Amino acid sequence: MDSFVFYIKLGFDHISDFAGYDHMLFLVALCAIYKIHQWKNILILVTAFTVGHSITLLLSSLDIFTIPSDIIEFLIPVTIFLTAINNVIVSNPVNNKAQMNKNYIMALFFGFIHGMGFSNYFKALLMDSSSILMPLFGFNIGIEIGQILVVFFIVSIGYFFLNKCNVKHRDWNVFISGIAAGISLIFIMENKIW
(Lines give C-alpha, C1' and ligand atoms only; values in the text may rest on other atoms or scores of the structure.)
Protein backbone atom coordinates (compact mmCIF):
# COMPACT_ATOMS: atom_id res chain seq x y z
CA MET A 1 0.00 0.00 0.00
CA ASP A 2 1.28 3.48 -0.86
CA SER A 3 2.48 5.25 2.30
CA PHE A 4 0.34 8.34 1.54
CA VAL A 5 -2.79 6.16 1.33
CA PHE A 6 -1.61 4.36 4.47
CA TYR A 7 -1.58 7.64 6.42
CA ILE A 8 -4.98 8.65 5.03
CA LYS A 9 -6.34 5.36 6.32
CA LEU A 10 -4.63 5.87 9.69
CA GLY A 11 -6.18 9.33 10.04
CA PHE A 12 -9.61 8.04 9.07
CA ASP A 13 -9.34 5.06 11.42
CA HIS A 14 -8.20 7.31 14.25
CA ILE A 15 -11.19 9.63 13.95
CA SER A 16 -13.75 6.90 13.33
CA ASP A 17 -12.58 4.78 16.27
CA PHE A 18 -15.13 4.99 19.06
CA ALA A 19 -12.23 5.01 21.53
CA GLY A 20 -11.79 8.63 20.40
CA TYR A 21 -15.23 9.53 21.70
CA ASP A 22 -13.96 12.84 23.10
CA HIS A 23 -13.24 14.03 19.57
CA MET A 24 -16.67 12.89 18.38
CA LEU A 25 -18.27 14.63 21.35
CA PHE A 26 -16.50 17.84 20.36
CA LEU A 27 -17.92 17.51 16.83
CA VAL A 28 -21.40 16.96 18.29
CA ALA A 29 -21.07 20.14 20.36
CA LEU A 30 -19.63 22.04 17.41
CA CYS A 31 -22.57 21.10 15.15
CA ALA A 32 -25.45 21.38 17.63
CA ILE A 33 -26.35 24.94 16.58
CA TYR A 34 -26.40 24.23 12.84
CA LYS A 35 -29.10 22.96 10.51
CA ILE A 36 -28.42 20.79 7.48
CA HIS A 37 -28.94 23.64 5.00
CA GLN A 38 -25.98 25.43 6.63
CA TRP A 39 -23.61 22.72 5.40
CA LYS A 40 -21.14 25.26 3.97
CA ASN A 41 -20.75 26.93 7.37
CA ILE A 42 -20.32 23.51 9.00
CA LEU A 43 -17.71 22.45 6.45
CA ILE A 44 -15.73 25.67 6.94
CA LEU A 45 -15.95 25.26 10.72
CA VAL A 46 -14.74 21.65 10.65
CA THR A 47 -11.96 22.61 8.22
CA ALA A 48 -10.85 25.42 10.57
CA PHE A 49 -10.66 22.81 13.31
CA THR A 50 -8.59 20.54 11.04
CA VAL A 51 -6.23 23.40 10.14
CA GLY A 52 -5.72 24.06 13.86
CA HIS A 53 -4.79 20.52 14.72
CA SER A 54 -2.70 20.17 11.55
CA ILE A 55 -0.50 23.09 12.65
CA THR A 56 -0.12 21.61 16.11
CA LEU A 57 0.66 18.16 14.74
CA LEU A 58 3.40 19.65 12.58
CA LEU A 59 4.92 21.68 15.42
CA SER A 60 4.71 18.75 17.82
CA SER A 61 6.11 16.23 15.35
CA LEU A 62 9.11 18.50 14.76
CA ASP A 63 9.50 18.87 18.55
CA ILE A 64 9.03 22.64 18.26
CA PHE A 65 6.06 22.80 20.58
CA THR A 66 4.76 20.27 23.09
CA ILE A 67 2.47 20.32 26.10
CA PRO A 68 2.40 17.53 28.69
CA SER A 69 -0.28 14.97 27.87
CA ASP A 70 -2.02 15.28 31.26
CA ILE A 71 -2.67 18.98 30.58
CA ILE A 72 -3.98 18.18 27.08
CA GLU A 73 -6.24 15.45 28.47
CA PHE A 74 -7.67 18.11 30.80
CA LEU A 75 -8.00 20.79 28.11
CA ILE A 76 -9.81 18.63 25.54
CA PRO A 77 -12.98 18.24 27.64
CA VAL A 78 -12.70 21.94 28.54
CA THR A 79 -12.96 22.75 24.80
CA ILE A 80 -16.09 20.58 24.58
CA PHE A 81 -17.62 22.28 27.62
CA LEU A 82 -16.86 25.80 26.36
CA THR A 83 -18.25 25.01 22.90
CA ALA A 84 -21.45 23.60 24.38
CA ILE A 85 -21.91 26.59 26.70
CA ASN A 86 -21.24 28.99 23.82
CA ASN A 87 -24.01 27.25 21.83
CA VAL A 88 -26.54 27.92 24.57
CA ILE A 89 -25.50 31.44 25.62
CA VAL A 90 -25.19 33.02 22.18
CA SER A 91 -28.50 34.05 20.68
CA ASN A 92 -28.97 33.13 17.02
CA PRO A 93 -25.25 32.55 16.30
CA VAL A 94 -25.71 31.09 12.83
CA ASN A 95 -27.33 34.20 11.35
CA ASN A 96 -24.75 36.61 12.74
CA LYS A 97 -21.57 36.98 10.64
CA ALA A 98 -19.48 38.28 13.54
CA GLN A 99 -20.55 35.30 15.65
CA MET A 100 -19.75 32.90 12.81
CA ASN A 101 -16.25 34.41 12.58
CA LYS A 102 -15.88 33.96 16.34
CA ASN A 103 -16.95 30.32 15.98
CA TYR A 104 -14.33 29.77 13.24
CA ILE A 105 -11.59 31.28 15.41
CA MET A 106 -12.74 29.20 18.37
CA ALA A 107 -12.72 26.01 16.23
CA LEU A 108 -9.22 26.87 14.96
CA PHE A 109 -7.89 27.49 18.47
CA PHE A 110 -9.55 24.37 19.90
CA GLY A 111 -8.06 22.47 16.94
CA PHE A 112 -4.61 23.40 18.30
CA ILE A 113 -5.50 21.70 21.59
CA HIS A 114 -7.01 18.60 19.99
CA GLY A 115 -3.98 18.37 17.70
CA MET A 116 -1.81 17.88 20.76
CA GLY A 117 -4.04 14.94 21.64
CA PHE A 118 -3.33 13.45 18.19
CA SER A 119 0.39 14.21 18.25
CA ASN A 120 1.66 11.30 20.36
CA TYR A 121 -0.38 8.85 18.29
CA PHE A 122 0.90 10.37 15.06
CA LYS A 123 4.54 10.48 16.18
CA ALA A 124 4.39 6.83 17.22
CA LEU A 125 3.14 5.87 13.74
CA LEU A 126 5.57 8.04 11.79
CA MET A 127 7.70 5.66 9.78
CA ASP A 128 10.43 8.10 8.79
CA SER A 129 10.77 11.29 10.83
CA SER A 130 12.89 12.91 8.11
CA SER A 131 9.91 13.14 5.76
CA ILE A 132 6.97 14.40 7.76
CA LEU A 133 4.96 16.51 5.29
CA MET A 134 3.37 13.77 3.18
CA PRO A 135 2.46 11.55 6.16
CA LEU A 136 1.06 14.61 7.96
CA PHE A 137 -0.92 15.67 4.91
CA GLY A 138 -2.31 12.14 4.43
CA PHE A 139 -3.13 11.74 8.12
CA ASN A 140 -5.02 15.04 8.13
CA ILE A 141 -6.92 14.19 4.94
CA GLY A 142 -8.01 10.97 6.64
CA ILE A 143 -9.07 12.84 9.76
CA GLU A 144 -10.98 15.41 7.68
CA ILE A 145 -12.83 12.70 5.74
CA GLY A 146 -13.71 10.97 9.01
CA GLN A 147 -14.84 14.23 10.60
CA ILE A 148 -17.04 15.09 7.63
CA LEU A 149 -18.72 11.68 7.84
CA VAL A 150 -19.27 12.05 11.60
CA VAL A 151 -20.65 15.57 11.09
CA PHE A 152 -22.92 14.37 8.28
CA PHE A 153 -24.30 11.71 10.62
CA ILE A 154 -24.82 14.25 13.44
CA VAL A 155 -26.51 16.81 11.19
CA SER A 156 -28.70 14.11 9.62
CA ILE A 157 -29.95 13.09 13.05
CA GLY A 158 -30.62 16.77 13.76
CA TYR A 159 -32.51 17.05 10.46
CA PHE A 160 -34.72 14.11 11.43
CA PHE A 161 -35.64 15.57 14.82
CA LEU A 162 -36.00 19.16 13.59
CA ASN A 163 -37.95 18.46 10.40
CA LYS A 164 -39.70 15.13 10.90
CA CYS A 165 -40.40 15.24 14.64
CA ASN A 166 -40.91 19.04 14.72
CA VAL A 167 -38.51 19.64 17.59
CA LYS A 168 -37.72 23.35 17.92
CA HIS A 169 -34.17 24.25 16.97
CA ARG A 170 -33.50 26.02 20.27
CA ASP A 171 -34.70 22.96 22.21
CA TRP A 172 -32.50 20.67 20.09
CA ASN A 173 -29.47 22.92 20.59
CA VAL A 174 -29.98 23.13 24.36
CA PHE A 175 -30.54 19.37 24.65
CA ILE A 176 -27.50 18.32 22.60
CA SER A 177 -25.25 21.05 24.01
CA GLY A 178 -26.40 20.16 27.54
CA ILE A 179 -25.49 16.50 27.03
CA ALA A 180 -22.07 17.48 25.63
CA ALA A 181 -21.47 19.90 28.52
CA GLY A 182 -22.50 17.31 31.12
CA ILE A 183 -20.30 14.55 29.70
CA SER A 184 -17.35 16.92 29.33
CA LEU A 185 -17.76 18.03 32.97
CA ILE A 186 -17.48 14.39 34.02
CA PHE A 187 -14.27 14.08 31.97
CA ILE A 188 -12.91 17.28 33.54
CA MET A 189 -13.67 16.10 37.09
CA GLU A 190 -12.17 12.64 36.46
CA ASN A 191 -8.97 14.11 35.07
CA LYS A 192 -5.85 13.37 37.06
CA ILE A 193 -4.59 16.96 36.77
CA TRP A 194 -6.49 17.84 39.93
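The values are calculated or read from the model by the stated rules, or taken from the named source; none is laboratory data. From a predicted model like this one, the values you see are computed outputs, not experimental measurements. What goes into the accessible areas is simple: the full protein's heavy atoms, side chains included, and nothing from ligands, DNA or RNA. Shrake-Rupley method; radii C 1.70, N 1.55, O 1.52, S 1.80 Å.
Return one number: the angle in degrees, 0 to 90 and rounded to the nearest 10, between the long axis of the Cα atoms of helix 133-159 and the longest principal axis of the Cα atoms of the chain. So the helix axis and the longest Cα principal axis differ by about 20 degrees. Ignoring aspartates and glutamates fewer than eight residues from Lys123 along the same chain, the ones with Cα atoms less than 14 angstrom from its Cα are Asp63.
Once you keep just the Cα pairs under 8 angstrom separated by 6 or more residues, what percentage relative contact order results for the chain? If you can, show how the numbers build up before the last one.
On the way: 236 pairs, mean separation 85.8, N = 194.
The value is 44 percent.
Taking the C-alpha atoms only, the angle from helix 69-89 to the longest principal axis of the chain is near 20 degrees.
Counting only heavy atoms of the protein chains, get the accessible area per residue of the range 35-194 (1.4 Å probe) and round it to a whole Å² value. Provide the component values of the computation, followed by the final result.
Numbers: 8650 Å² over 160 residues.
With all protein chains present, the range 35-194 gives 54 Å² per residue.
For every helix of n ≥ 4 consecutive DSSP H residues, a contribution of -39,500 (n - 2.57) applies; sum these over the chain, divide by its total residues, and give [θ] at 222 nm rounded to the nearest 500 deg cm²/dmol.
That comes out to -26500 deg cm²/dmol.
Carbon-plus-sulfur fraction of the accessible area of the chain, 1.4 Å probe, in percent? On the chain, the fraction of accessible area on carbon and sulfur atoms equals 70 percent.
Among the listed pairs Lys9/Lys102; Lys40/Lys97; Lys9/Lys35; Lys97/Lys164; Lys35/Lys168, those with a Cα-Cα distance over 22 Å are Lys9/Lys102; Lys9/Lys35; Lys97/Lys164.
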